[in-house]
Amino acid sequence: MTSRNDILFERAQKSIPGGVNSPVRAFRSVGGTPRFVTRGKGARIWDADDKEYIDYVGSWGPLLLGHAHPDVLRAVQDSAVHGLSFGAPTESEIEIAELLIKLVPSMEMVRLVSSGTEATMSALRLARGFTGRSFILKFEGCYHGHADSLLVKAGSGALTLGQPSSSGVPPEVAQHTLVLSYNDSAELEHLFKDKGDQIACVIVEPVAGNMNLVAPKPEFLRALRELCTKHGTVLIFDEVMTGFRVGPQCAQGLYGIKPDLTTLGKVIGGGMPVGAFGGRRDIMNHIAPLGGVYQAGTLSGNPVAVAAGLATLRAIQAPGFFDRVTATTKALVDSLQVRAKAAGVVFSAQHVGSMFGIYFRAAPPTSFAEVMQCDKDLFNKFFHAMLDRGVYLAPSAYEAGFVGGAHGEAEIAATLKAAEESFHSLAR
Ligand code: KE4
């Protein structure tokens, strides 16, 4: 019988480029037909054929609480009955701003937007306006959304599709984007010695999650902080993915490094469109209407989206939440490696908090170059073997995976059973 996913995908491609509203969803690198999701509950989602999957994508990170969490649904419904959007300030925006300032160590002021891309794009403009400089520094394989300046050697969907530097970005723009290797402190020292006083900002994923997961070397983050301080460069931690994902105080709390600005998204909206940028008050005071750096948004701080975000941020403060979700992720990662070894498959895995990486390579990569050494074909085979067995991993070798509070012993046991069978199917 023809799958409804195939029928829907064929129909979608007639009206939507690639049949999707975000490229990485198209299964282009893993092959096959994307699953059209009809509903989600807890750690599980169902596709158009009503097939059930244990979900490790979680909408690419936002669903830390799991799908359709009752507290979040109630908050959305309670807000929506009073209207969807006003284009005027609301008290809930003050509440989420105060909560983010309380939870994020470096945040003194914060502005809400509607996506991670808007957050990073705005933070970049703010850093350039604050310093009067034009150069920005990013790292190969890191993805910070699709603003022009940032689509240079980017990760995530750009890397997945094999076009890390997007067409359509004028050379005059791209030339101001400097790119170095993630985790390479020597390159960093050399560049800052040469150009440090011309660099407006460094934007970095404090734990890289868009070239698969690459953990930071402690000396790398320290070098970034020291060099930015020395040269008056704004250090931006792009915590759109790591924010409240790697720990209760984000990556900056986990590693004890204070950036000057932080960008957030995903978890802080709980599945609804919320992004944010914030940090030092003396920098944020340059944002309109206070200062000369313009930034705006019709739906910024949307009350229904903020209600979902507030409910999520409050629910994850529950005693033991982060310990439990981190322990579950560790158990998954450790057990996957045991099963791969038993099947004779060259495989490694690691996690930071509740985000994890799996690699068909003997050891977790510590750089973009090492990520490129992973066996992508074997990943693709493993992806489909797991999908067939009801486990939904990210459809790309260059993405991280996510465990949420709804993943329990049953989900982990079922995942490991599917993995054992999948690893053995690879070895054949
Ligand atoms: P959005 O504009 O997609 O909300 O956020 C962009 C962004 C910024 N910074 C980081 C560190 C990010 O990971 C992202 C978005 N992440 C990808 C997944 N790797 C979103 C998935 C997609 O593009 O469909």
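The values are calculated or read from the model by the stated rules, or taken from the named source; none is laboratory data. Because the structure is a prediction, the values reported are computed rather than measured. Quick reminder, even Gly has a Cβ in these numbers, built from the backbone with ideal geometry, and neighbours come from all protein chains shown. Side chains are part of the model used for accessible areas, which takes the heavy atoms of the whole protein and leaves out ligands, DNA and RNA. Shrake-Rupley method; radii C 1.70, N 1.55, O 1.52, S 1.80 Å.
Some notes on this structure:
- Summarising the strand pairing of region 70-315, around 40 percent of its internal DSSP beta bridges are antiparallel.
- Pairwise centroid distance, computed over Cα atoms, of region 203-240 with region 351-412, Å: 23
- In this simple spin-label approximation, R39 and Q77 carry label points 7 Å from Cα along the Cα→Cβ vector, and these lie 1.4 nm apart.
- All aspartates and glutamates inside 16 Å of K51 as judged from Cα atoms, apart from same-chain residues fewer than 8 positions distant: D6, D388, E411
- Full extension of the chain between A327 and E52 gives 96.5 nm of extra length, using 0.36 nm per residue less the Cα-Cα distance.
- Ordering 325-331, 146-152, 202-208, 115-121 by mean Cβ neighbour count within 10 Å, with the highest value first, yields 202-208, 115-121, 146-152, 325-331.
- Heavy-atom accessible surface of the chain, averaged per residue, reaches 41 Å², computed with a 1.4 Å probe.
- Value of Rg to Rh for region 1-98 (Rh from inverse mean 1/r over Cα pairs, i.e. Kirkwood): 1.07
- Evaluating kT/(6 pi eta Rh) at 37 °C and 0.692 mPa s, with the Kirkwood radius of the chain over Cα pairs in the Stokes-Einstein relation, gives 149 µm² s⁻¹.
- When DSSP beta bridges are restricted to pairs lying wholly in the chain, around 60% turn out antiparallel.
- For a modelled paramagnetic label at V173, 7 Å from Cα along Cα-to-Cβ, the residues of region 270-311 in reach, with backbone nitrogen under 20 Å, are 293-298.
- Among beta bridges that DSSP assigns inside region 225-376, antiparallel share in %, nearest 5: 65
- Applying a length cut-off of 30 Å (Cα extent along the axis) and a mean Kyte-Doolittle floor of 0.0 to the DSSP H helices of the chain leaves 321-342.
- Scattering from region 70-315 was approximated by placing one identical point on each alpha carbon and applying the Debye formula without solvent; log10 I(q)/I(0) at 0.13, 0.14, 0.16 1/Å stands at -0.76, -0.88, -1.14.
- Dividing the Cα radius of gyration of region 253-392 by its Kirkwood radius returns 1.08 for Rg/Rh.
- Percentage relative contact order, region 70-315, counting C-alpha pairs under 8 Å, at least six apart: 30
- Excluding same-chain neighbours fewer than eight residues apart, the lysines reachable from K376 by a Cα-Cα span under 25 Å are K138, K153, K217, K330, K341, K417.
- Shape of region 364-428 from the C-alpha gyration tensor: oblate (a/c of 1.5 or more and a/b not above b/c, with a ≥ b ≥ c the square roots of its eigenvalues).
- For region 87-113 versus region 34-72, the inter-centroid distance based on Cα atoms is 28 Å.
- Between region 139-195 and region 294-310, the alpha-carbon center distance in angstrom: 29
- From phi via Karplus (6.51, -1.76, 1.60), per-residue ³J(HN,Hα) for region 343-353 in Hz, x at Gly/Pro: 8, x, 9, 6, 7, 8, 7, 8, 9, 10, x
- Rolling a 1.4 Å probe over the protein heavy atoms of the chain, with every protein chain left in place, gives an accessible area that is 54 percent carbon and sulfur.
- Taking every alpha-carbon pair under 8 Å whose residues sit at least 6 apart, the chain reaches a relative contact order of 22 percent.
- Debye equation applied to the C-alpha atoms of region 131-188, log10 I(q)/I(0) at 0.22 Å⁻¹: -0.84
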